[in-house]
Amino acid sequence: MMSRKIPILILLLSLITAYGGCAARKEAAGPVLESTTPADIASQHSAYEHFMSGILYQEAHQYEPALEELKMALALDPRSLEINYELASLLYQTHQFEAAFKLRNNVKEPDAKFSLLMGQLAKFAGIDSLALKYFRMAANFEPDNYSARQFLSTYFIEKNQPDSALIHLKKMVQINPEDSQASALLGQVYSNVGKYDSATVIFETIIKDNPYDRAASAGLGAVYQSTGQVEKALEIYTRIADRYPTDLAFQSMKFNIEISMGKIEAALSTGQRVLQLAPDNREFLLSVVQLYLSKNDFQSAENAITTYIEATPQDQAMKLLFGRVLISDSKFETADSLLMILVTENDSLSEVYILQALSLLRQEKVDHAIELLQGAIPKVGEKELLYSQIGNIYNSQHRYKEAISFYEKAHNERPDNPAYKMALAEASDKAGDFRRAEKILKELISAEPENATALNNLAYMYINRDEKLDKAESYLRRALKLDADNGAFLDSYGWLLYKKGKPKEALTYVEKALDKIGSDPEVFDHLGDIYRQLKNYDKSMEYYHKALELSPDNEAIKIKINSLPSPADSRNR
């Protein structure tokens with residue numbers, strides 16, 4: 001390649017050089033002169049001179065005259081592959097993509113280089129089928145053309161055709177075994193199609209040569225996660241995160257797997273490190289705050305949100321979360337002040353009024369909460385949210401007729417929302433109108449056969465009435481098939497088995513429910529009943545007391561506790 005900077009004198013001399021003097025350049029890159037008639041020879045010779053002038057102008061970074069020379073060359077020899085390629089390349093370089101793409105029509109037999117260029121232009125133009133055609137042509141002309149294989153593999157990955165992508169990725173690795181990026185991508189595609197053994201071999205080979213290769217490490221970690229080897233995945237993510245402490249991607253992977261493994265303290269440490277690096281990372285902040293809340297560490301949650309809000313005061317959603325945290329921490333005055341500011345900023349936000357009502361409820365100001373929500377209804381767009389919340393408050397106060405009235409209003413606002421139908425059915429059942437509740441849920445199940453919650457709710461109503469237990473079992477089997485790990489569904493099924501006189505089988509399901517749900521007075525009550533039927537009165541007493549701790553006003557549980565045999569009586573039995 002000749003020097004990029006060409007003195008003007010040399011440039012001028014080059015432009016008037018005779019054909020013989022430019023023979024070397026002609027053989028390397030110039031258009032071929034075919035001897036036909038004298039006129040053809042003269043035309044081709046003139047095309048060649050313009051072509052060489054265009055090349056030399058390009059070398060001097062004088063693109064406008066280069067374009068003019070190449071266009072004149074093309075006018076004299078429009079079928080020349082070399083001229084079309086050079087002109088298309090220069091047009092591409094100067095961002096004249098449409099003009100460059102039109103030149104494809106001049107060339108009937110493109111080579112690999114021209115095909116690659118046209119493939120790029122077709123891709124840029126959004127004509128995927130034509131891009132694919134040109135990339136394939138390039139690979140057919142030159143099977144070891146790395147660029148062609150790279151474009152083809154990328155194309156098939158983007159089109160979610162992994163089998164086709166694998167063909168070209170394998171060829172890329174064969175052409176250049178040292179290209180760890182191509183190897184890592186090959187491993188990733190293997191992983192995506194579930195060929196974990198092949199993916200593992202590739203990733204481990206890369207990591208053996210470079211233990212801190214991030215692409216291979218991420219890929220191998222993902223394989224380990226997919227195959228249930230979470231400890232190994234965490235080991236890899238930790239190694240890279242420790243090596244590159246500012247790599248947010250690996251810190252994120254480490255953080256997520258720590259949460260999935262229940263390593264709350266480790267996850268918090270990782271999350272705090274990320275927030276130091278990226279204090280405005282909203283996703284991480286929300287996750288870290290949730291971890292703090294799971295530990296009832298309200299102060300740390302407040303500190304984290306405060307730092308974010310100071311930097312991003314326009315984030316209303318985060319201010320709402322801050323208000324919720326303050327209420328959870330019983331800092332009602334601070335929460336109320338914050339929420340009043342939010343109302344001033346935007347008085348149509350239904351979430352603000354709901355939080356204000358929550359604050360009042362936590363202070364046992366039930367009537368004030370209802371009054372506040374009713375006063376806010378004309379201001380908000382999503383009126384159904386407030387109607388539903390008022391219904392929930394009345395429901396919690398056992399004022400079922402009022403609850404039904406507001407659930408009906410919520411349903412009328414959004415008849416397509418199944419949650420309002422289910423709330424209406426529950427309140428109707430508690431108000432003593434079981435047949436209405438049954439009708440609502442049956443209609444909902446008919447319209448939405450895979451609504452697992454509706455299936456569970458109707459089944460649970462049947463169970464509590466000792467009615468249609470076989471039908472209830474059918475509904476619950478359907479619900480569990482849709483969501484096998486749902487704690488509420490497991491508890492319902494266990495309660496059904498208890499009602500059918502199968503306490504040992506019932507115990508298995510209700511204990512699973514407890515693992516999923518955690519402390520819940522209803523689940524504890526069910527366990528108390530089951531252990532009572534199994535004549536394990538100590539366990540029964542233990543769970544009744546746990547239920548009573550969470551629901552101290554539950555008279556039914558108090559009666560059960562008082563009716564249990566005394567320890568001496570139980571021993572005599």
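Some observations on this one:
- Scanning segment 259-271 turns up at least one residue that is in contact (Cβ under 8 Å) with a residue 24 or more places away in the chain, surrounded by fewer than 16 Cβ atoms within 10 Å (Cβ to Cβ) and of a type in the set (Val, Ile, Thr).
- Looking across segment 335-393, just one residue is under 25 Å from Ser428 (Cβ atoms) and aromatic (Phe, Trp, Tyr), and that is Tyr387.
- All positions within segment 191-205 that are farther than 11 Å from Ala222 by Cβ and within 24 Å of the chain's Cα centre (by Cα): Val193, Gly194, Lys195
- Checklist (1) touching a helix residue (DSSP H, G or I) at 6+ places or on another chain (Cβ under 8 Å); (2) of a type outside the set (Ser, Thr, Tyr); (3) assigned to a helix (DSSP H, G or I) applied to Pro279, failing item: (3)
- Test: Phe156 is surrounded by 15 or more Cβ atoms within 10 Å (Cβ to Cβ), over 24 Å from Tyr244 (Cα atoms), of a type in the set (Phe, Trp, Tyr) and over 25 Å from the mean Cα position of the chain (by Cα): no
- Output for segment 377-430, where each listed residue is of a type in the set (Phe, Trp, Tyr) and closer than 19 Å to Ser348 by Cα: Tyr387
Yes/no matrix, rows are residues, columns are (1) part of a loop (DSSP other than H, G, I, E, B); (2) under 24 Å from Leu121 (Cβ atoms):
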residue: Ser147; (1), (2): no, yes
residue: Leu152; (1), (2): no, yes
residue: Ile157; (1), (2): no, yes
residue: Met172; (1), (2): no, yes
residue: Pro177; (1), (2): yes, no
residue: Gln181; (1), (2): no, no
residue: Ala184; (1), (2): no, no
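- Filter pass, Met137 being in a helix (DSSP H, G or I), of a type in the set (A, V, I, L, M, F, W, C) and over 23 Å from Val201 (Cβ atoms): yes
- First in segment 548-563 and touching a residue at least 60 places away in the same chain (Cβ under 8 Å), second anywhere and among the aromatic types (Phe, Trp, Tyr), Cβ under 9 Å, 6 or more apart: none
- Filtering Ser252, Ser217 for residues that are surrounded by 15 or more Cβ atoms within 10 Å (Cβ to Cβ), part of a helix (DSSP H, G or I), within 18 Å of the chain's Cα centre (by Cα) and of a type in the set (Ser, Thr, Tyr) leaves a single hit, Ser252.
- All positions within segment 478-487 that are in contact (Cβ under 8 Å) with a residue 12 or more places away in the chain, surrounded by fewer than 20 Cβ atoms within 10 Å (Cβ to Cβ) and assigned to a helix (DSSP H, G or I): Arg478, Leu480, Leu482, Gly487
- Against the conditions (1) under 60 Å from the mean Cα position of the chain (by Cα); (2) modelled with pLDDT of 65 or more, Arg25 satisfies every one except (2).
- Residue ID - farthest from the chain's Cα centre (by Cα), chosen from residues in segment 58-97 that are assigned to a helix (DSSP H, G or I) and of a type in the set (Ser, Thr, Tyr): Tyr63
- You will find that of Asn176, Asn145, the residue that is more than 24 Å from Ala249 (Cβ to Cβ), touching a residue at least 24 places away in the same chain (Cβ under 8 Å) and touching a Phe, Trp or Tyr at 6+ places or on another chain (Cβ under 8 Å) is Asn176 and no other.
- Boolean, Met422 is among the aliphatic types (A, V, I, L, M), closer than 30 Å to Ser540 by Cβ, in contact with a helix residue (DSSP H, G or I) (Cβ under 9 Å, 6 or more places away or on another chain) and at pLDDT 95 or above: no
- Residue in segment 193-211 that is small (Gly, Ala, Ser), more than 29 Å from Val274 (Cβ to Cβ) and part of a helix (DSSP H, G or I) present: yes
- Segment 364-474 holds helices (runs of 4 or more DSSP H) entirely within its bounds, and those carrying 3 or more residues that are surrounded by 14 or more Cβ atoms within 10 Å (Cβ to Cβ) and under 34 Å from the mean Cα position of the chain (by Cα) map to 383-396, 400-413, 418-430, 434-447, 452-464.
- Residue among Leu527, Leu497 that is in contact with an Asp or Glu (Cβ under 8 Å, 6 or more places away or on another chain), crowded, with 24+ Cβ neighbours inside 10 Å and either part of a loop (DSSP other than H, G, I, E, B) or without any contact (Cβ under 8 Å) to a residue 24 or more places away in the chain (or both): Leu527
- From Ala182, Ala138, residue being of a type in the set (A, V, I, L, M), crowded, with 18+ Cβ neighbours inside 10 Å and modelled with pLDDT under 90: Ala138
- Scanning segment 274-318 for residues that are within 24 Å of the chain's Cα centre (by Cα) and farther than 28 Å from Phe250 by Cβ yields one hit, Gln316.
- Scanning segment 109-124 for residues that are loosely packed, with under 15 Cβ neighbours inside 10 Å and either touching a Phe, Trp or Tyr at 6+ places or on another chain (Cβ under 6 Å) or touching a residue at least 60 places away in the same chain (Cβ under 8 Å) (or both) gives a single hit, Phe124.
The values are calculated or read from the model by the stated rules, or taken from the named source; none is laboratory data. Quantities reported herein were computed from a predicted structural model and do not represent experimental measurements. Note: ideal-geometry Cβ built from the backbone for every residue, glycine included; neighbour counts use all protein chains shown.
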